[in-house]
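Okay, so here's the structure we're looking at.
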Amino acid sequence: MARKSMQALTITLTVAGLGLVASAVPANASLSRSENLPSIESDQPPNRTPSNINLNCDVSPYTNGPGGATVDKEIWLRNGPGAGCQSVTATLRKGTRLGGWCYDYSNSNNLWYYVSVGGAAPHGWIYANNVTDVNPITTRCRY
């Protein structure tokens with residue numbers, strides 16, 4: 001009876017600074033969660049520049065710059081720069097003045113402001129098209 005032997009095959013692929021290592025496994029081999037799984041290794045630190053941070057909900061920057069805006073319609077502040085984020089305030093009335101802290105862009109590249117109500121808590125995010133009378137909010141948010 002002839003025996004087939006499988007030689008170990010390892011493939012290493014580096015893409016955008018990430019090293020991916022894959023090993024061939026026989027089709028009839030059983031895998032467990034902790035064994036024979038490809039590993040992902042990186043010798044580069046994560047890039048946390050503002051352009052690639054995934055801005056999801058529950059994002060609170062520490063930046064506080066000049067500026068302000070007025071609520072253009074009844075709306076609430078959100079806990080992140082995105083329409084899917086939760087509200088963090090009761091409905092704000094049209095004409096409510098907001099203190100501007102900083103600005104950033106959502107994952108879909110829409111401009112959002114991180115603001116406070118009357119210069120104090122609560123703080124939250126509001127979509128730029130929902131405010132008027134904007135005194136320039138010129139500070140980019142930092143996290």
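Would it be correct to say that Thr96 is within 11 Å of Val71 (Cβ to Cβ), polar (S, T, N, Q) and in contact (Cβ under 8 Å) with a residue 60 or more places away in the chain? No: the conditions fail for Thr96.
If you go through region 63-73 and keep only what is touching a strand residue (DSSP E or B) at 6+ places or on another chain (Cβ under 7 Å) and farther than 18 Å from Arg140 by Cβ, you end up with Thr70, Val71, Asp72. Taken over region 83-107, the criterion of being closer than 17 Å to Arg140 by Cα, at pLDDT 90 or above and part of a loop (DSSP other than H, G, I, E, B) is satisfied by Ser106 alone. Regarding region 54-74, can at least one residue be identified that is out of contact with any Leu (no Cβ under 7 Å at 6 or more places or on another chain), assigned to a loop (DSSP other than H, G, I, E, B) and modelled with pLDDT under 75? Scanning region 54-74 turns up at least one residue that is out of contact with any Leu (no Cβ under 7 Å at 6 or more places or on another chain), assigned to a loop (DSSP other than H, G, I, E, B) and modelled with pLDDT under 75. Residues in region 99-116 that are polar (S, T, N, Q) and more than 13 Å from Thr63 (Cβ to Cβ): Ser106, Asn107, Ser108, Asn109, Asn110.
Mind telling me which of the residues Asn79, Asn56 ends up being touching a Gly at 6+ places or on another chain (Cβ under 7 Å) and outside the structural domain of His123 (by TED's automatic domain parsing)?
Asn56 is the lone residue from the list that is touching a Gly at 6+ places or on another chain (Cβ under 7 Å) and outside the structural domain of His123 (by TED's automatic domain parsing).
Only residues that are crowded, with 17+ Cβ neighbours inside 10 Å and either among the hydroxyl-bearing types (Ser, Thr, Tyr) or out of contact with any helix residue (DSSP H, G or I) (no Cβ under 7 Å at 6 or more places or on another chain) (or both) were counted in region 106-126, giving 10.
The values are calculated or read from the model by the stated rules, or taken from the named source; none is laboratory data. Source: prediction; values computed, not measured. Heads up, the Cβs are rebuilt from the backbone with ideal geometry, glycines too, and the neighbour counts pull from every protein chain shown.
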